[in-house]
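The values are calculated or read from the model by the stated rules, or taken from the named source; none is laboratory data. Worth saying up front: this structure is predicted, and the values here are computed from it rather than measured. Using ideal geometry, Cβ is built from the backbone for each residue, glycine included, and neighbour counts are taken over all protein chains shown. Just the protein is used for accessible areas: all its heavy atoms, side chains included, with ligands, DNA and RNA removed. Shrake-Rupley method; radii C 1.70, N 1.55, O 1.52, S 1.80 Å.
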Amino acid sequence: MITSIPDLLPQRELVADFRFGVFFLVGGVAPNPLDIRFKRVNGLSATVKTTPLAEGGQNLYTQRLPDGVEYGNLVLERGLIVGSPLHLEVEAALSLFKFAPSNVVVTLFNDAYVPVSAWFFFKAYPVRWAISDLDAASKGVLVDTLELAYARMQILRV
């Protein structure tokens, strides 16, 4: 039974940042299960660029007019996976300078693994690849880092 107005409103809960998947949408084919799990994703950012405009006679401030949106690169980190189709695309881009941009969706899930938010990256392509240091004294996992540039990002709230 509803007893007050707050009971009518949906519950607002904080969302954990560790249940996510990264889906590469290439040619309408289902995402490869080897290439959806990553340790870390960063670079989810957008900034509105502005251009200052000084008004005649106004010396206290300048107007700042919007001049476009600038995006940071999407950075993906995971343990090295041998035989990954994604690495074939990266290899083609970095070794042969052949690019095949694809759309990428980063999806955030709740406790029940239901999508709660997503970020859609249009025409993403690799611009940087790195691997963690090889260290005979360490027993850590070899971390593979892939940086993607993209045309634009769309925030999707589910």
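Points worth noting:
- Entry note, the chain: the mean residue ellipticity at 222 nm calculated from DSSP H runs of n ≥ 4, each adding -39500 (n - 2.57), is -2500 deg cm²/dmol after division by the residues and rounding to the nearest 500.
- Rolled with a 1.4 Å probe across the full set of protein chains, the surface gives residue 123 an accessible area near 130 Å².
- Pairs of Lys residues in region 11-158 are counted when their Cα atoms are under 28 angstrom apart and they lie 8 or more places apart or on different chains; the count is 5.
- Legend: calculated FRET efficiency, residue 40 to residue 65, from the Cβ-Cβ distance at R0 = 35 Å, rounded to 0.05, equals 0.45.
- On the basis of the beta-carbon distance and an R0 of 25 Å, residue 136 and residue 91 show a calculated FRET efficiency of 0.45.
- The chymotrypsin sites (Phe, Trp or Tyr not before Pro) found in region 61-158 that occupy coil by DSSP, while having at most 11 further C-beta atoms within 10 Å, are 61, 97, 113.
- Integer Hz, Karplus 6.51/-1.76/1.60 couplings in order for region 34-44, x for Gly and Pro: 6, 10, 10, 9, 10, 6, 8, 10, 9, x, 6
- Phi angles across region 112-117 convert, under the Karplus curve 6.51 cos²θ - 1.76 cosθ + 1.60 with θ = phi - 60°, into 3J(HN,Hα) values of 8, 6, 9, x, 10, 7 Hz, Gly and Pro given as x.
- For the chain, relative contact order (Cα pairs under 8 Å, six or more residues apart, normalised by length) works out to 23 percent.
- Which labelled figure in (1) 46; (2) 36; (3) 53 is percent of Cα pairs over 23 Å apart, once derived from the coordinates: (3)
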